[in-house]
Amino acid sequence: MKSILLASNNAGKQRELLALLGDLGLEILTPAALGLDLEVAETGTTYVENAVLKAEAFGAHSGLVTLADDSGLEVDALDGAPGVYAARYAGPGATDAMRRAKLLAALAQVPAPRTARFRAVVAVYAPGCPLETFEGVCEGEIAFAERGAGGFGYDPIFYLPERGATMAELPESLKNTLSHRGRAVAAARPHLARLLR
Ligand code: IMP
């Protein structure tokens, strides 16, 4: 069985990527499963740069086909912030709940619809092959209060008007069909199938 390494220690991302790649007939490995303790500094200023940094670092260390995800949340009323810096929006050591609270406070005076989008870039590293990247976007709005207990990160405040629900209120299988990450992985699938056949 061919193997692929997920270049992420984020439990939410890992869970979704496992489901999204589950039917490819691959052994899906996490850094922890390999005892790979690697912290990659996300020094890029774009999702592509950071996804490539992570895919190359984990790929070079493991020698395995490696998939990295870099993602973020772009809020129009904040000129696209926090964007690529979404994970660091409330400073080092902050929790997802602190980041959500900071974003709701920043938008307190902004009326609906507070349009926003999640964006994900997936980078695929394979030894001896050119690195490839794939993007997915999911449009929505920032809610006025948290709703739902599913998902992770900003999901409880990311509202999907056409569903009448936040991302955290959707079953994970439905989130995966419409999310930025689901779309980026869908775009990457033909490449992964070619690499791993
Ligand atoms: P990074 O890709 O490790 O730089 O982190 C992405 C940031 O965006 C983190 O704060 C995540 O919690 C957030 N994020 C990425 N994807 C999602 C998602 O699907 N739902 C909620 N938050 C997300």
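Things to note:
- Peptides 108-120, 85-97, 155-167 ranked from most to least packed, by the mean per-residue count of other Cβ atoms within 10 Å: 155-167, 108-120, 85-97.
- Solvent-accessible area, 1.4 Å probe, carbon plus sulfur percent, for the chain: 55
- Its relative contact order, with pairs defined as Cα atoms under 8 Å and 6+ residues apart, puts the stretch 137-190 at 32 percent.
- Proximal charge balance of Glu146 [Cβ under 10 Å; K/R count +1, D/E count -1]: +1
- Dipole magnitude of the stretch 31-105 about its Cα centre (Cβ charges: Lys, Arg +1; Asp, Glu -1), debye to nearest 20: 260
- Most tightly packed first, judged by the mean number of other beta-carbon atoms within 10 Å of their residues, the peptides 36-44, 174-182, 12-20, 51-59 read 51-59, 174-182, 12-20, 36-44.
- Average projection area in nm² (convex hull over Cα atoms of the chain, one quarter of hull surface): 10.7
- Positive minus negative residues near Leu192 (Lys, Arg vs Asp, Glu; Cβ under 12 Å): +2
- Convex hull volume of the C-alpha atoms in the stretch 37-142, normalised per residue: 98 Å³.
- Debye-sum result for the stretch 62-102 in log10 I(q)/I(0), which assumes one identical scatterer on each alpha carbon, at q = 0.14, 0.21 Å⁻¹: -0.42, -0.69
- In this Cβ point-charge picture (+1 for Lys and Arg, -1 for Asp and Glu), the stretch 3-196 has a dipole of about 220 debye about its Cα centre.
- P(r) weight above 19 Å for the stretch 1-62, C-alpha pairs, percent: 33
- Using C-alpha pairs below 8 Å separated by at least 6 residues, the relative contact order for the chain is 19 percent.
- Straight-line cross-link partners of Lys13 among the aspartates and glutamates, defined as a Cα under 14 Å from its Cα and at least 8 positions apart when in the same chain: Asp69, Asp70, Asp96, Asp155, Glu172.
- The stretch 148-197-the stretch 4-31 distance, computed between alpha-carbon centres (Å): 14
- Bridges between two residues of the stretch 3-196, per DSSP, are antiparallel at a rate of about 80%.
- Using the 1.4 Å probe convention, the accessible area of the stretch 12-134 works out to 46 Å² per residue with neighbouring protein chains retained.
- Dividing the helix sum by the residues of the chain, where each DSSP H run of 4 or more adds -39500 (n - 2.57), gives a mean residue ellipticity at 222 nm of -10000 deg cm²/dmol.
The values are calculated or read from the model by the stated rules, or taken from the named source; none is laboratory data. In this text the structure is predicted, and so the values were computed from the model without any measurement. Don't worry about glycine lacking a Cβ; one is built from the backbone with ideal geometry, like all the others, and counts go over all protein chains shown. Areas reflect the complete protein model, heavy atoms only, side chains present, ligands, DNA and RNA absent. Shrake-Rupley method; radii C 1.70, N 1.55, O 1.52, S 1.80 Å.
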